Structure formats: C-alpha cells, structure tokens
1. Take the conditions crowded, with 24+ Cβ neighbours inside 10 Å and at pLDDT 95 or above and apply them to residue 313. Does it pass?
2. Report yes if some residue within region 101-113 is outside any strand (DSSP E or B), at pLDDT below 95 and within 22 Å of residue 182 (Cα to Cα); otherwise report no.
3. How many residues does region 427-471 contain that are part of a strand (DSSP E or B), over 15 Å from the mean Cα position of the chain (by Cα) and at pLDDT 95 or above?
4. Of the conditions (1) more than 24 Å from residue 266 (Cα to Cα); (2) touching a strand residue (DSSP E or B) at 6+ places or on another chain (Cβ under 6 Å); (3) in contact (Cβ under 8 Å) with a residue 24 or more places away in the chain, residue 421 satisfies every one except a single condition; which number is it?
5. Listed residues 245, 280, 220; which is over 26 Å from residue 427 (Cβ atoms) and at pLDDT 90 or above?
6. Mind counting the residues in region 192-219 that are more than 21 Å from the chain's Cα centre (by Cα) and more than 23 Å from residue 464 (Cβ to Cβ)?
7. If I go through region 213-233 residue by residue, how many of them are in contact with a strand residue (DSSP E or B) (Cβ under 6 Å, 6 or more places away or on another chain) and surrounded by 19 or more Cβ atoms within 10 Å (Cβ to Cβ)?
8. With the requirement that a residue be assigned to a strand (DSSP E or B) and out of contact with any helix residue (DSSP H, G or I) (no Cβ under 7 Å at 6 or more places or on another chain), what does region 138-164 give you?
C-alpha cells in the first residue's frame, strides 16, 4: 500500500508547489512573534453525491475544496487563520495573522519540514467512488428502488442517495513532524414509505465506511433497501409504546449511538479541562457497572470513524476510557493533553481546514461481556427491546439524554413479542451505565452512517456494542406501562 504521507505531499507539491522549504518558511512566519507551537493543516477534498427521488435522479453534484489552516499556540491561547488560496503570499498572510497571538518578537529558529512516514494504514489510499462514472452510481440507486418496492405492495416511495469523498491532508508542525493522509469515505442512504389505508410510515437506513465501490460487495443496495422497507412495513402493525420506567435491552450494533451521545462526549478532555463534564476529576473512580468497558478506537480497518492520523498529525490508537466500570482516561488533543500533562490520545479532529481542533471521538465502543444474548432476553419479564435509532440530544454537563427509537419491541415473559412505535428513551448516561446488569458476547460494529456534531462542527464516527440489559430506563410513550 502506498505511503499516505508520500501521496499527500505529491499532490500538494504537484498542484500548489508546496514543498518542505515552503512549509518551513510558513512555520517560521507563524512563530514570528514567539508562539510556543505552530501547525499547518493543508487539505484537498473532492465530494460527489447523487440523490434519487420518485424513481428518477433528483440531483447530482461534485465539489472540490482546498485550503490551509494555520494554528499558533501560546500558553492556553490559540491564534488561528485559514486561506482557500494556496499561493505563497496568501499563506504567508494567514501565518502572520495567526502569529499575532504570540507575545514576543523572538527570532524563530529554522524548522525542518522534511516529511516522514505516516505509519500504519487502516484503509486504502486508492481513488474511491469519486472516480467511478455517474452511471454506475445511478445503477446502484435503481437497484435499491426496485428491491424496496418489490418487498411489499405498500411501498409507494423510495428515496436514496450515494455520497463519496476523497480527502487528502498534509500536516506540518513546528516540532518537525510532517505527515499526511489520503482518506476515502462513502455513504449510502435509503428511505422507504409504506402507505396502507391512509397510514403512512417512513423508515431510513444506510451504511458505508472508508472504502469505495467494494462496499457494495459487502452490503448490496438491495440489502439496504429491503431493510428500510421492512422497518416501514413493520411500523404499520406496531402498537403504541408504553410509558414508564422499564428494563431495556439495547441490541448489538446501532445501540452504540446511545453510548456515543450519552457518555462519549462527557469523556472528551476539553469539557473536563474546563470542568463542565460530569466526569471531571473522576479518573480512577467507579463511573459505571463493573460489567462496562468503553474504548474509543481509531484503528478499526475501513470503519467510518477510523483515521491513520488525527488532524494534529498524531497516530490514532485504541484508548480505554472506562475499564470494568472505572474511569481510566479522557480523549485528548494536544492542548488538553498539555493541561493534564499527558500525551495526545490521537483524538484531535476538525471538520475542515477552516475549523479549529477539538478532542473528538472516532469509533466509540462497549466491549463484549459473558452473557448469552438469548439469556438476556429471557431474564426480562416485561420490558423494551431497542434495535435502531433516529438520534438524540445530550446535556454534556450532567449526561441527561433523550433518544428516539425507530425499531423496538415489547419483551413479555422473556420473549420478544409485538413491535412498538413512538418510543423515546429518557435518562442520564452515567446512571444508565450504573444500571447495566448483563452484557452479551455478541459485540457488533454498526454500519458506517453516523455523523457527530460538536460546537458547530460535524465529523464522521463509528459506534458499536453488544446486547446490553439496563435494569431501568424511562420510556416515553403513549400508554401507561
């Protein structure tokens, strides 16, 4: 596999004449007023998307964006500037703007900007679907449409889209580290509408990851479309959800999004550095059931949240956050890591070169336990079994959350019975983790469709978990449990 750093340097050198000498000059300008640290983040991104509505192509687009973000750190203060123009004058002006955070007029020392190797690579750097003809993508969408409509006569509308991206980054730092990466990404979305006797139910599904057309050898458009159609038809016969505090079984896979939102954000180091997280100052203390181990792992091959390097040029890694119920660490970018006198955890991320760095999740997972998933179901006299989700909201400071569940069932006398709809889970992340009483052996990584928002920035992430029993969660519904 080609070295991602060599590939990224080649792109920027060929297109924009950005070479080691240019990077060294810009870093020196960025430190011209005495900052502690400077960094250049070059980005070239190609996006394409095709959407399908009402049995025809609705829209198609292809966009290219490029630029450089320049960051200077002085103590806890950060100067940041960016430019979309990659000529030397524009970049130098951005470097001098970011440099104003510095407090002195020290003469900067020369900086060696010789690129090194990225190290391990968790996905191919080959051109992904953005190099495929539009007709190939339209054919995939047509296949999805036919499969969903064939699933059930009540399916009267199918919408679908394919989006793909190839992002090339090159990062040069004043400590001499110069690395790059080439990051592919693909996503398929399908929604199906079931219309039966005036009752209209819509379900959505999708997937993807850091790969190209080969994704559809693993998950065909028909697979995704039939799943959307199945969920839509299922909702036609679902009963209204009960309301009250009930045992809840979280199914393997997609339920990891609840872990991500209700717990993961509170473990990002910037919130803990500022004292605004429920987990602040609790390293080494029990924060969950002893059955719970949570990791954030940016090294899972081809997963949507994986990266060879984070956006500060540090290698990503597997970070243990909660181990056996005990809090072990936070997700660190370099600014927070310096505050806690630790090394970076490879968690510095940004949406684009126009955005500042924050500690963010990659693939956030709960590890498998020792219980048979069927035994978990059998242990529940009356409860709810939750499989898929539409998303939710969380209060970082205390962990309170609200989640909408798109596929759920009643559990009665240890058996999964009737489907229910309009299910909402209401609770507190730390409280829910303390009520985990069984963890299954069936860990599953959710298919790659998740995006994470924070402070106005969105980045792709992965989630996963095994089947888990929580002894009690408040379920919002329309019937009294």
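The values are calculated or read from the model by the stated rules, or taken from the named source; none is laboratory data. What you are looking at is a predicted structure, and each value in this text was computed from that prediction instead of being measured. Every residue, glycine as well, gets a Cβ built from its backbone with ideal geometry; the counts of neighbours run over all protein chains shown.
1. Answer is yes for this residue.
2. yes
3. 10
4. Answer for residue 421: the failing condition is (2).
5. Matching residue, one of 245, 280, 220: 220.
6. Selection size over region 192-219: 11.
7. Residues that pass the stated criteria total 9.
8. 156, 157, 159, 161, 163
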